[in-house]
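The values are calculated or read from the model by the stated rules, or taken from the named source; none is laboratory data. This structure is a prediction, so every number in the text was calculated from the model and none was measured. Every residue, glycine among them, receives a Cβ derived from its backbone with ideal geometry; neighbour counts consider all protein chains shown.
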Amino acid sequence: MLRVHIPAQNGNKEILRYPTTKKLYMVDKEKILETLKEVYDPEIPVLNIVEMGIVRDVLFEGKKLVVKITPTYSGCPAMKTIEEEILNILHDDDFDEVAVEKIYAPPWTSDWLTGEAKHKLKQHGIAPPEKNSGIDSSRDYAVKPVLCPFCNSRNTSITSFFGSTACKSLHYCFDCTQPFEHFKCI
Amino acid sequence: MQKTIINIDEALYEYLLRLGDDNLILGHRLSEWCGHAPALEEDIALANIALDCIGQANAFLTLAVQTINNGRTEDDLAFFRNETEFKNLLLVEQPDTDFGYTIVRQFFYDVFVLHFYQELSKSRNEQLAGISAKAVKEITYHLRHSRQWILRLGGGTEESSTRIQNAVNDLWCFTDEIFFKNEIDDRLIEEGIAFDPRLIKHKWEELVEQTLSEAELKIPENVFMKSGGRYGRHTESLGHLLAEMQIVARSYPGAKW
């Protein structure tokens, strides 16, 4: 279903050229990214790997479709599952050869989360990353309180810089008396 | 000493083993606290830091095997090398005598790697630079954690202050080795790949001295400095650690779950 023939002039769409022995297929990159949106982060199942900024690029090396991904944290245990899911979903779409490549540069940043992804986090009770919230690398380690995802109060405090997964910290809201998680800003 | 020409790939392999082993061994040490830390939040914190270290080790060791392509995988390096083949600093293999030792070991290491990896993230080897830049973000959290514990324990009760001072006294002899450099480094520095750790020693000293003084702790004097880790000469602790870390992989080679 992904191997669609697209006319040569196709507006602003990025076309990936995919040579086979008989002819040159052209594949719309957007369509591959659409398919990859069906792969969710196993640790935060509301977010897919495209809106999280984990997928960095999709390209063909000869006949091989290469998906470049980057980990949110070096030790992120979800990477293996994500890799397997990508291979499953793209093989289902009938590419001859698919490879997943893990890259480290440039390093992942929470700024790559899309606006929609941040909105989804908040809907699920996880405070999304805000610029300069959570951590300050300066010597005095000052911290700006995180906005409570339930009542939007900033009258909150941090309980622990480390949470149930590498990407989250634990907080408490004094106004609605709810503990909550925050997607760390890195 | 006769000057020999050092192959860059071989030098880089050795260099990556050092970086990988430091993180692998420290990560394993920290994981020993899992289920035993003094509080639930602390248990989670130490396990998180351990995971970051093991993730960084995985990245460095994967790059090592890609550099030299000797048919080994990163897991082979972790599980099938003997004690003398590990190139980690003596500091990171020191046992968790008590919570204070864990915190002091971590603090000495965090202050170093924060500054060191900031420099390595400018390396001409793009992959090394990328892994280092990523690690810096994680270490910022680790350092904040270890530094705050030093202040809290040093300024806490007489018991906590005495115990953390003991840890500083006992671990100080391993701090000089952090700045080790030999011909391997020189060769890679020449190529713009590695960085001379001694150039950031003043930054390490400044933050360590300032933090210890704020915590009313003393730096021991006239300490005989120990080294040897970079040449595979380790303290007794490493063998015991490896026995535990490697037993499953060695008992059931190739096992998957």
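Before moving on, here are some points about what is shown:
- Here the stretch A:101-118 is the region considered, the condition is being hydrophobic (A, V, I, L, M, F, W, C) and within 14 Å of chain B (Cβ to nearest Cβ), and the residue that is nearest to A:Ser164 (Cα to Cα) is A:Trp108.
- When A:Ala8 is tested against the conditions (1) of a type outside the set (Lys, Arg); (2) at pLDDT 85 or above; (3) surrounded by fewer than 15 Cβ atoms within 10 Å (Cβ to Cβ), the lone failure is (2).
Residue by residue, here is whether (1) at pLDDT 90 or above; (2) surrounded by 15 or more Cβ atoms within 10 Å (Cβ to Cβ); (3) in a strand (DSSP E or B) holds:
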position	(1), (2), (3)
A:Thr21	no, no, no
A:Val27	no, yes, yes
A:Glu34	yes, no, no
A:Glu38	yes, no, no
A:Glu51	yes, yes, no
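- Among the residues making up the stretch B:177-196, those that are buried (at least 16 other Cβ atoms within 10 Å of the Cβ) and out of contact with any Lys or Arg (no Cβ under 6 Å at 6 or more places or on another chain) are B:Glu177, B:Ile178, B:Ile184, B:Asp185, B:Arg187, B:Leu188, B:Ala194, B:Phe195.
- Taking the conditions (1) away from chain B (no Cβ under 14 Å); (2) surrounded by 15 or more Cβ atoms within 10 Å (Cβ to Cβ); (3) modelled with pLDDT under 90 in turn, A:Lys131 satisfies each one other than (2).
- Test result for B:Leu171, in a helix (DSSP H, G or I), of a type outside the set (Lys, Arg) and under 16 Å from B:Asp110 (Cα atoms): yes
- Residues (of a type in the set (Lys, Arg) and either within 13 Å of the chain's Cα centre (by Cα) or within 14 Å of chain A (Cβ to nearest Cβ) (or both)) located in the stretch B:79-106: B:Lys87, B:Arg105
- For the stretch A:34-55, filtering for residues that are under 9 Å from the mean Cα position of the chain (by Cα) and within 14 Å of chain B (Cβ to nearest Cβ) leaves 2.
- Residues of the stretch B:1-32 that turn out to be part of a loop (DSSP other than H, G, I, E, B) and either buried (at least 22 other Cβ atoms within 10 Å of the Cβ) or touching a Phe, Trp or Tyr at 6+ places or on another chain (Cβ under 8 Å) (or both), as a count: 0
- Residues in the stretch A:97-133 that are within 15 Å of the chain's Cα centre (by Cα), assigned to a helix (DSSP H, G or I) and not small (Gly, Ala, Ser): A:Asp111, A:Trp112, A:Glu116, A:Lys118, A:His119, A:Lys120, A:Leu121.
- Counted residues, the stretch A:58-80 - those being outside any loop (DSSP other than H, G, I, E, B) and within 14 Å of another protein chain (Cβ to nearest Cβ): 4
- Whichever residue in the stretch B:107-148 is acidic (Asp, Glu) and either at the interface with chain A (Cβ under 8 Å from one of its Cβ atoms) or over 17 Å from A:Pro107 (Cβ atoms) (or both) and, among such residues, is surrounded by the fewest Cβ atoms within 10 Å (Cβ to Cβ): B:Glu126
- Cβ-Cβ under 6 Å pairs, at least 6 apart or on other chains, the stretch B:23-41 side over 22 Å from B:Ala64 (Cα atoms), far side in a loop (DSSP other than H, G, I, E, B): B:Glu32/B:Asp96
- Filtering B:Glu214, B:Glu177, B:Glu159 for residues that are more than 30 Å from A:Lys168 (Cβ to Cβ) and over 16 Å from the mean Cα position of the chain (by Cα) leaves a single hit, B:Glu159.
- Answer from A:Leu16, A:Leu47 - the residue that is over 26 Å from B:Leu128 (Cα atoms), modelled with pLDDT of 85 or more, of a type in the set (A, V, I, L, M, F, W, C) and out of contact with any Pro (no Cβ under 9 Å at 6 or more places or on another chain): A:Leu47
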